[in-house]
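Coordinate-derived values only; no laboratory data. Just so it is clear, the structure is predicted and the values come from calculations on it, not from any experiment. Positions of Cβ are generated from backbone atoms using ideal geometry, with glycine treated the same way; all protein chains shown enter the neighbour counts.
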Amino acid sequence: MAKRNSIINAFMKKCPRCQEGDLFIKPFEFSKPLNMPDHCPVCNQKFLPEPGFYYGAMFLSYIFSGFFFLAVVGVCILVFKLSLNASMVVMLLIAAATYFFFLRMSRAIWINLLIKYDPDAKAKKEVKAFGY
Ligand SMILES: [Zn+2]
């Protein structure tokens, strides 16, 4: 399989090394939104390469959601001519609706940034922390 773009791969929530295994356990459970298997079911890539690995994902989530909600409030005020308080209510509703999306997406992007694609990963099935 040809290499898929890492950003698209992160949006699809697939393993960064083989781009086939799912990063999160399905079906989604509200009580366990970050339920990930220990290893990729296809290539054995570790999904928690080291303790605190996803600490950096928190910063990604903060950056993405910060700019996203700034844009939401900007559109509400400038395009729909809502008051600041009404814009905040709209923003909070959208924040509640997109909470799990940003939570999982930041983890998926973080692991896709730090672990490289390996076209032979599926055949090798080595247990690896990082892709080198
Ligand atoms: Zn994999």
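The table that follows gives values for the structure above.
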| quantity | calculated |
| --- | --- |
| Ile8, Ile94 arranged by Cβ crowding within 10 Å, fewest neighbours leading | Ile8, Ile94 |
| Packing rank of 44-54, 20-30, where each peptide gets the mean count of other beta carbons within 10 Å, highest leading | 44-54, 20-30 |
| For the chain, diffusion coefficient by Stokes-Einstein and Kirkwood Rh (Cα), 37 °C, 0.692 mPa s, µm²/s | 203 µm²/s |
| Region 35-60 and region 70-114: distance between their alpha carbon centers, rounded to Å | 25 Å |
